[in-house]
């Protein structure tokens with residue numbers, strides 16, 4: 001008996017997903033994964049990638065998907081239902097009037113509030129479905145932009161973790177697309193004809209992330225490798241690169257040109 005039809009992702013993208021899931025030990029035998037399926041290109045490619053991995057991998061794991069309708073039920077989720085049915089992935093919808101809540105509150109940080117509400121809804125849905133992992137579609141660009149925003153606004157060079165445990169919900173979050181560039185994900189979504197839903201958020205035109213993306217685009221024009229260099233830096237933070245406080249014995253030893261150990265980005269991204 002043949003399994004459900006799974007779109008054939010490009011070899012490059014499959015390698016990046018495999019690299020991330022293996023490098024950060026995202027999936028173990030018996031895991032039950034809930035995919036946060038927003039209907040955007042990233043989450044659709046993520047869903048297709050995990051469906052393909054489920055078919056090929058010797059590690060047995062299960063998948064389900066949840067769509068949080070931020071309009072409170074006004075979005076037509078039928079294309080996502082058909083997509084998940086084709087992949088053999090159970091699909092649920094959780095409507096919540098997030099857009100209306102933000103408008104009513106005149107929220108100054110709508111993206112942050114929306115993300116927190118959606119994450120809470122997804123965590124609850126995952127628990128109800130008996131899942132222990134929540135898979136989100138954040139990509140390489142998202143990680144780099146987050147690092148820039150933290151650097152500019154909090155003075156800390158950090159981004160979200162590819163895999164982390166949420167102590168409040170008891171749910172582990174994984175981000176299998178963290179090594180994939182947004183432009184390549186978008187190209188793949190078009191090539192496969194994935195059912196990308198119309199963008200309904202009215203608050204995403206002037207945001208800090210949009211500004212960080214614009215800065216990154218300008219820097220990338222002169223240095224195409226800059227995104228990978230920033231991601232490299234996130235994985236190779238070295239105590240020797242920190243400024244010392246000047247006390248006796250506090251001087252850090254001189255840094256070598258090339259970081260040591262398994263965190264070296266070159267070892268991870270030869271095929272990126």
remark   = Scanning region 7-31 residue by residue, those surrounded by fewer than 19 Cβ atoms within 10 Å (Cβ to Cβ), over 18 Å from the mean Cα position of the chain (by Cα) and either modelled with pLDDT under 95 or on the phi < 0 side of the Ramachandran plot (or both) turn out to be 8, 10, 11, 28, 29, 31
inquiry  = If a residue must be under 19 Å from the mean Cα position of the chain (by Cα) and surrounded by fewer than 20 Cβ atoms within 10 Å (Cβ to Cβ), how many such residues does region 48-61 contain?
reply    = 1
ask   = Can you name the condition, by its number, that residue 134 falls short on among (1) surrounded by fewer than 16 Cβ atoms within 10 Å (Cβ to Cβ); (2) touching a strand residue (DSSP E or B) at 6+ places or on another chain (Cβ under 8 Å); (3) under 30 Å from residue 187 (Cα atoms); (4) touching a residue at least 60 places away in the same chain (Cβ under 8 Å)?
value = (1)
key: Matching residues in region 147-169 - criterion: being without any contact (Cβ under 8 Å) to a residue 24 or more places away in the chain and within 27 Å of residue 51 (Cβ to Cβ)   = 160, 161, 164, 165
remark   = Pairing a residue in region 74-89 that is over 15 Å from residue 192 (Cβ atoms) with any residue that is exposed (fewer than 14 other Cβ atoms within 10 Å of the Cβ), where Cβ atoms lie under 7 Å and the two sit 6 or more apart in sequence or on different chains, gives 75/200; 88/3; 88/4
Residue among 170, 246, 193, 222 that alone is modelled with pLDDT of 95 or more and over 17 Å from the mean Cα position of the chain (by Cα) = 193
task = Go through region 158-174 and give me each residue that's surrounded by 12 or more Cβ atoms within 10 Å (Cβ to Cβ), in a loop (DSSP other than H, G, I, E, B) and touching a helix residue (DSSP H, G or I) at 6+ places or on another chain (Cβ under 9 Å).
result = 158, 159, 160, 162, 169
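The values are calculated or read from the model by the stated rules, or taken from the named source; none is laboratory data. Because the structure is a prediction, the values reported are computed rather than measured. As a convention, Cβ positions derive from the backbone with ideal geometry for all residues, glycine included, and neighbour counts pool all protein chains shown.
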